[in-house]
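The values are calculated or read from the model by the stated rules, or taken from the named source; none is laboratory data. Keep in mind it's a predicted model, so treat the numbers as computed, not measured. Glycine also receives a Cβ, built like all others from the backbone with ideal geometry; neighbour counts cover every protein chain displayed. Note: areas computed on protein heavy atoms with side chains; ligands, DNA, RNA excluded. Shrake-Rupley method; radii C 1.70, N 1.55, O 1.52, S 1.80 Å.
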Amino acid sequence: MKRTSRVRIGATATVSVLSLALITGCGGSDDDSKESGASKEAGASSSPSTTTAAKALSTAELKKLFLAKGDVAGYEVDTADDGSLPKSKSEVKTDKTECAPLAHAMAGLAPGDTDASASYTVTKTPKAGASPDDASLEDALNVEITFVGLSSYAGDGAEKAVKSVSDAIAACSGGFTITAQGEKQKVTKVASVKASGKGDESVGFSVASDMDGEGTATINTEVVRVGNAVSSYYTVNFASFDSGKAAPVPTAVIDAQLTKLK
């Protein structure tokens, strides 16, 4: 088997471990202070806090803030709860407690301490061209999917959630192991990436995952806070794995989602 094919297959396994689905498996899920110097180093940007007296939204209220068809040009939204994403943090474990906020953000779960969370997927619309019957494996893999997670917090919980992500980027730079659905996946490296600067504060990071000795897959995630709400964006494009470069988190999706959260 060619190396590229093995890497791609391994990459799909990585996403499966996080209960994310390959290309067609897009679904939704829900889960029944002052910025430190570490977060500044972790690709974060922020503005003054206004969340002291904030009251958390419920999961049902968060679902009403999902993007809908037509909200983002060039993207399709899927909010179906088909079980392809984890429903609770108990389904996603890490070997290092301090790395849990990263794994949760990647899986569409709340990175902080709250029961109010929900998630769904946004897929970039394929370019018009060859019919599905004529599509190559490369074309089939060239699909950009962003897994969006929303969570809400009381008091300064949202700020603490973002800080926990920033702290985890530094603490887990050497990697960690994720266990989900009985499968383990080794993250070999965590690095800060430049955040979009959207919302009241934002932080970006990338993870490199081992593909069973056949290279690594690098994937970007961004976490953004608006008031007492936190949104996470985990973007996958399997066709980009061969290049070793992560697909960027689409700012159009972030902008559209933040408009609904404000």
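The figures follow:
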| item | result |
| --- | --- |
| Sequence-distant residues sharing a close amide H with V193 (under 5 Å, placed H) | G204, F205, S206 |
| Cβ-based net charge around A154, under 13 Å, with every Lys or Arg adding one and every Asp or Glu removing one | -2 |
| Potential lengthening between K55 and K184 on full extension [0.36 nm per residue; Cα-Cα distance subtracted] | 42.8 nm |
| Surface accessible to a 1.4 Å probe, per residue, for the residues of region 91-235, Å² | 37 |
| Of all accessible heavy-atom area on region 155-247, the percent that carbon and sulfur account for (1.4 Å) | 44 |
| Out-of-range pairs (alpha-carbon distance over 28 Å; input K55/K89; K64/K189; K69/K184; K127/K186; K186/K260) | K64/K189; K69/K184; K127/K186; K186/K260 |
